[in-house]
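Working notes, structure below.
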Amino acid sequence: MATSPTQRSLKKLRDEGWLADVVEKWIPGANIRRDLYGFIDILCISGSETLAVQATSYAHVADRVKKITEHENLSMVRDAGWCIQVHGWRKVKNRWQCRVVDLS
């Protein structure tokens, strides 16, 4: 059962037909996670499309949007033609809902 926002997004993306995998790394000793290029949790491909996803709780969507839009690597990821999304998860009446913000 998917419990974290990353795991919920991974399941959603795979159900949509994306080849998706987690690309954030756990840094032992420091006890922190490091996102790919500073803001990517999940990387997906489908045909000629590449999608980079930052997964979070619904309450933190604005924080993640700000983090990404201010990040020094954003223009290089966009220049590579990658789509960029933030997935914000919340539970409504025993059902998980995902708010998708496109930053491409």
| note | Arg8: passes all of (1) of a type outside the set (A, V, I, L, M); (2) in a loop (DSSP other than H, G, I, E, B); (3) farther than 13 Å from Leu103 by Cα but (2)
| said: Looking only at the range 71-104, count every residue that is within 16 Å of the chain's Cα centre (by Cα) and under 15 Å from Phe39 (Cα atoms) and tell me the total. | reply: 16
| message | Suppose we keep only residues that are under 13 Å from the mean Cα position of the chain (by Cα) and among the polar types (S, T, N, Q) within the range 46-70. Which one would you say is farthest from Pro5 (Cα to Cα)? | response | Thr50
| said: If Thr3 satisfies all but one of (1) modelled with pLDDT of 95 or more; (2) open to solvent by 90 Å² or more (accessible area, probe 1.4 Å); (3) among the polar types (S, T, N, Q), what's the number of the condition it fails? | reply: (1)
| query | open to solvent by 30 Å² or more (accessible area, probe 1.4 Å), modelled with pLDDT of 95 or more and of a type in the set (Lys, Arg), is that true of Lys12? | reply | yes
| remark: Checked pairs for the range 4-21, first closer than 13 Å to Leu43 by Cβ, second open to solvent by 20 Å² or more (accessible area, probe 1.4 Å) and basic (Lys, Arg), C-beta under 7 Å and 6 or more apart or across chains, list as Ala20/Arg14
| said: List the residue pairs whose Cβ atoms are under 8 Å apart, where the first residue sits in the range 80-92 and is among the polar types (S, T, N, Q), the second is surrounded by fewer than 14 Cβ atoms within 10 Å (Cβ to Cβ), and the two are 6 or more positions apart or on different chains. | reply: Gln85/Val100; Gln85/Asp102; Gln85/Ser104
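The values are calculated or read from the model by the stated rules, or taken from the named source; none is laboratory data. Fair warning: this is a prediction, and the values are worked out from it, not measured in the lab. As a convention, Cβ positions derive from the backbone with ideal geometry for all residues, glycine included, and neighbour counts pool all protein chains shown. Side chains included, ligands, DNA and RNA excluded: accessible areas come from the protein's heavy atoms. Shrake-Rupley method; radii C 1.70, N 1.55, O 1.52, S 1.80 Å.
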